[in-house]
Amino acid sequence: MESAAAARLPAAARVRTERPRAIQYQAWIFDAARDERYPVDGGVFDVPAGADEVIVPIQAGIPVQRAVAFAVTVEQPGGTVVSDRAKLVAFARAGD
């Protein structure tokens, strides 16, 4: 239940009073034309609590010539430029 004070705040202010996310997921695109140590950022996303399935729009930060694989990692909110892939939660080769 929302407090009376929070109810009077504009929606944008109420968002800032909520507890910040601890993690976000980040999509990665492995391009045949690039070093596999540096996949292309495909964007960050959240998974709603209780969701069984999530459709993730992948948005490459730079042009990709030939995608050969995709990965999802757990990162700090906002993502990272280069992931250490310590928390790799999904990986698939293109065409699998």
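Every number here is computed from the coordinates shown, using simple stated rules; none is lab data. This is a predicted model, so every value here is computed, not measured. Quick reminder, even Gly has a Cβ in these numbers, built from the backbone with ideal geometry, and neighbours come from all protein chains shown.
Ordering Val89, Val47, Val72, Val81 by the number of other Cβ atoms within 10 Å of each residue's own Cβ, fewest first, gives Val81, Val89, Val47, Val72.
Note on region 20-93: along the principal axes its Cα atoms extend 37, 22, 19 Å, ordered by decreasing extent.
With neighbours defined as other Cβ atoms within 10 Å of a residue's Cβ, the residues Glu75, Glu53, Glu36 order from fewest to most as Glu53, Glu36, Glu75.
Neighbouring Cβ atoms within 10 Å as the yardstick, rank Ile29, Ile62, Ile23, Ile55 fewest first. Let's see the in-between values first.
Values: Ile29 22, Ile62 9, Ile23 14, Ile55 5.
Ranking Ile29, Ile62, Ile23, Ile55 by Cβ neighbours within 10 Å, fewest first, gives Ile55, Ile62, Ile23, Ile29.
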